[in-house]
Amino acid sequence: MKAPKAEADERLLVEAAQKDPRRFAELYDAHFERVYAFVAARVHQRDAAEDLTSEVFQQALANLPRYEWRGVPFAAWLLRIAANAIADRWKRAAREQGDPAPEAFAEPDAAEVDDVERRALAFRCVALLPEVQRRVIELRFAEEKSIREIAREIKKSEGAVKQLQFRALQNLRTLMSDADA
């Protein structure tokens, strides 16, 4: 649960963005990792996750004037938009392929929100890694490349890539546990 000050700050930020859409960038920056983590966990394809995340923020910006603060975190509204965007995409794909429509998405529950928060934290922590470690993690886990492919791409030995990956994962564990503390 958000602290009252953080909730008040978020409410002020939303109200500012409603008055001046250029301020929406601050909401985007604050919530991008959370929304991307939610979408990526459901679509399992990087390009589709990126497209849907972009679509979520476009819809949010377009509908921001109608958004009403009800004491619920702004992220909950964004995740509802994301769930609907994913469901819409799957329904379109099912119609185009002649398959039955998938079941509707339920609102994310507390466990899902916690998982999304953890994934968002992981994205933020990866960005804090030294450049070469960050690159290895991105290539290995986001682009799903083999150690051999990564070694070729970054012009290092396979052993060096394994060591970089090991150190990066150690650093991520430390960063994430420090952030949880």
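The values are calculated or read from the model by the stated rules, or taken from the named source; none is laboratory data. These numbers come from a predicted model, not from an experiment. Here the Cβ positions follow ideal geometry from the backbone for every residue, glycine too, while neighbour counts run over all protein chains shown.
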Exercise for the section: Tell me which residues, restricted to segment 70-90, are surrounded by 14 or more Cβ atoms within 10 Å (Cβ to Cβ) and more than 22 Å from residue 21 (Cβ to Cβ). Expected result: 83, 86, 87, 89, 90
Practice task
Could you figure out which of (1) at pLDDT 90 or above; (2) under 24 Å from residue 143 (Cα atoms); (3) surrounded by fewer than 18 Cβ atoms within 10 Å (Cβ to Cβ) isn't true of residue 67?
Solution key: (2)
Handout entry: Checking residue 145 against (1) at pLDDT 75 or above; (2) part of a loop (DSSP other than H, G, I, E, B); (3) surrounded by fewer than 16 Cβ atoms within 10 Å (Cβ to Cβ), the condition it does not meet
Key = (3)
Problem - Qualifying positions in segment 29-77 - assigned to a helix (DSSP H, G or I) and under 15 Å from residue 9 (Cα atoms) - result: 29, 30, 31, 74, 75
Completion exercise
For segment 50-66, pairs from a residue that is without any contact (Cβ under 8 Å) to a residue 12 or more places away in the chain to a residue that is assigned to a helix (DSSP H, G or I) and among the β-branched types (Val, Ile, Thr), with Cβ under 6 Å and 6 or more apart or across chains, are none
